[in-house]
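Chemist: Take this structure, written in structure tokens, and hold onto it; I'll ask about it next.
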Amino acid sequence: MSTSMPGIVNYAAEPLSVELREVAVPDIGEDDVLLKVEAVSVCGSDLHQWLGGISWKVNYPCILGHEFGGHIVQTGARVAHFQEGDRVVSETAAVINPDSPMTRGGLYNLDPDRLGFGYGVHGAMTQLVKVPQRCLHRVPETLDFEKAALTEPCSVAYNAVCKNGRVVAGDHVLILGPGPIGLLCAMMAKASGAGHLLVAGLPSDQQRLKTALQLGANTIIDGDVMEVVRNLGDGLGVDVVIDAAGVSKTLETAIAAVRPAGQIIKVGWGPQPLQFSLDPMVQKAVTVQGSFSHNWPIWERVLRMMDQGQLNLDPIISKVGRLEEWEDCFEKMHTGEYVKAILTPNP
């Protein structure tokens, strides 16, 4: 086996500090496997690290990529439940504190010491990646790796909508932000029984808004959200708003659009300070629910949904390309031309 391989490396905090470099093949520990990466999806956080201005700490230089799957090619001495040749996907919590109260409660995604692939430790935008066996889930033979690589963002959406959310049949649900997570949240809301599903974006989001219609949205909005909401049902607002954009303005819109006693689920990140009053949220007695990452049972459920055909991922995947095409994929996801791009490091 070669001692080096190509990898997409984020090497500094300054904008555009990402390049394709030769990187070392990792050594694995007793509880790890070495995974041959068959598909790795480009995430919005990869784009944020590429563009700079992020709100989380990165251990530079770091290989990007945390949405991935592949074949096991080597196992550590204490790996008992997986073997070479197994088809697997990996969770993102590469390092956790086993003694953390959150970890002991099964919520290791909320462990303050958690480090994830692609920012805390080397990720999967390369040919081989080291993965702890506790992160692994088996991929059904019927599921190709390009779709399996989307288990992670689907799990983010499932956690937000189906676990932390309270969408019930017949609810009016508004998604703010038609990026990949927003679109996957729309799918989960529809699967949960959303009656009238609205997806809102900017005029520049036309391609993604068209994709929202393919995924079951009843209404797409590229202008005044409140004008549409005021003419929906009894005019009091939607039952659930999912803020998948993250900027301050969308939370303000969410508070205006949600009905009294409704719920706002905030899944989008945004470091900007709020520049508006939260009094309307208090007056409406609105529940605001943050949602971050996922855990083991959520991954198992999402893989089951994929295997049973409950998630239509075809409209989400815009491009499957080689590792060397990473820059085109990053740029076109940033402009909205691509919804999701998948890289295949071992074509």
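The values are calculated or read from the model by the stated rules, or taken from the named source; none is laboratory data. In this text, all values refer to a predicted model and were calculated from it rather than measured experimentally. In this analysis, Cβ positions are derived from the backbone assuming ideal geometry, glycine residues included, and neighbour counts consider all displayed protein chains.
Chemist: In the set L236, L232, which member is in a loop (DSSP other than H, G, I, E, B), modelled with pLDDT of 95 or more and either closer than 30 Å to N10 by Cα or touching a His at 6+ places or on another chain (Cβ under 8 Å) (or both)? Steps first, answer last, please.
Modeler: Working: L236 fails: either closer than 30 Å to N10 by Cα or touching a His at 6+ places or on another chain (Cβ under 8 Å) (or both).
After ruling out the rest, the residue left standing is L232.
Chemist: Look through segment 36-55, keep the residues that are assigned to a strand (DSSP E or B) and hydrophobic (A, V, I, L, M, F, W, C), and return whichever of them is farthest from E84 (Cα to Cα).
Modeler: So in segment 36-55, the residues assigned to a strand (DSSP E or B) come out as 36-41.
Cutting the leftovers down to hydrophobic (A, V, I, L, M, F, W, C) gives us 37, 39-40.
Values: V37: 13, A39: 18, V40: 20 Å.
Only one residue tops the list, namely V40.
Chemist: Let me ask something else about it. Might you check whether a residue that is assigned to a loop (DSSP other than H, G, I, E, B), among the aliphatic types (A, V, I, L, M) and assigned by TED's automatic domain parsing to the domain that holds I181 occurs anywhere in segment 286-304? Steps first, answer last, please.
Modeler: Kept after step one, since they are assigned to a loop (DSSP other than H, G, I, E, B), are these residues of segment 286-304: 286, 291-295.
Filter once more, keeping what is among the aliphatic types (A, V, I, L, M): 286.
Right, trim to assigned by TED's automatic domain parsing to the domain that holds I181 and you get 286.
Yes, the conditions are met somewhere in segment 286-304.
Chemist: If I ask for residues that are charged (D, E, K, R), closer than 18 Å to G70 by Cα and not in a strand (DSSP E or B), which ones from segment 96-139 would you list? So that I can check it myself, show each step before the final result.
Modeler: Residues of segment 96-139 that are charged (D, E, K, R), as a first pass: 99, 104, 111, 113-114, 130, 134, 138.
With the extra rule that they be closer than 18 Å to G70 by Cα, the set shrinks to 130, 134, 138.
If the condition is that a residue be charged (D, E, K, R), closer than 18 Å to G70 by Cα and not in a strand (DSSP E or B), then R134 is the only one that fits.
Chemist: Within segment 295-309, does at least one residue satisfy the condition of being in contact with a Lys or Arg (Cβ under 9 Å, 6 or more places away or on another chain), within 30 Å of T103 (Cβ to Cβ), surrounded by fewer than 16 Cβ atoms within 10 Å (Cβ to Cβ) and of a type in the set (V, I, T)?
Modeler: no
Chemist: For A212, are the conditions met, namely being under 21 Å from the mean Cα position of the chain (by Cα), closer than 18 Å to G193 by Cβ, assigned by TED's automatic domain parsing to the domain that holds F276 and crowded, with 16+ Cβ neighbours inside 10 Å? Step through it out loud before you land on a result.
Modeler: Values: under 21 Å from the mean Cα position of the chain (by Cα): yes; closer than 18 Å to G193 by Cβ: yes; assigned by TED's automatic domain parsing to the domain that holds F276: yes; crowded, with 16+ Cβ neighbours inside 10 Å: yes.
Taking the combined requirement at face value, the residue satisfies it.
Chemist: Let me ask something else about it. Return the only residue of G193, G170, G182, G123 being of a type in the set (G, A, S), over 29 Å from E19 (Cα atoms) and touching a strand residue (DSSP E or B) at 6+ places or on another chain (Cβ under 9 Å). Outline the logic, then answer.
Modeler: On the way: G193 fails: touching a strand residue (DSSP E or B) at 6+ places or on another chain (Cβ under 9 Å); G182 fails: over 29 Å from E19 (Cα atoms); G123 fails: over 29 Å from E19 (Cα atoms).
On inspection, the qualifying residue turns out to be G170.
Chemist: Here are some conditions: (1) under 21 Å from the mean Cα position of the chain (by Cα); (2) in a strand (DSSP E or B); (3) under 21 Å from N295 (Cα atoms). V33 meets all but one. Which one does it not meet?
Modeler: Condition not satisfied by V33: (1).
Chemist: Quick one: in segment 223-276, of everything that is surrounded by fewer than 16 Cβ atoms within 10 Å (Cβ to Cβ) and among the acidic types (D, E), which residue is nearest to the chain's Cα centre (by Cα)?
Modeler: In this case the residue turns out to be D224.
Chemist: Moving on. Output the residues belonging to segment 246-275 that are part of a loop (DSSP other than H, G, I, E, B) and modelled with pLDDT under 95. Break it down stepwise before answering.
Modeler: Initially, segment 246-275 is screened for residues part of a loop (DSSP other than H, G, I, E, B), giving 246-247, 267-275.
Hits for segment 246-275 are G246, V247, G268, W269, G270, P271, Q272, P273, L274, Q275.
Chemist: With the structure loaded, tell me whether A93 is modelled with pLDDT of 95 or more and closer than 26 Å to T335 by Cα or whether it fails that test. Spell out how you get there, then give the answer.
Modeler: On the way: modelled with pLDDT of 95 or more: yes; closer than 26 Å to T335 by Cα: no.
No.
Chemist: Sticking with this structure for a sec: When both residues are 6+ apart or on different chains and their Cβ atoms are under 7 Å apart, which pairs have a first residue that lies in segment 109-137 and is assigned by TED's automatic domain parsing to the domain that holds S90, and a second that is surrounded by fewer than 20 Cβ atoms within 10 Å (Cβ to Cβ) and among the basic types (K, R)?
Modeler: Q127/K36; L128/K36
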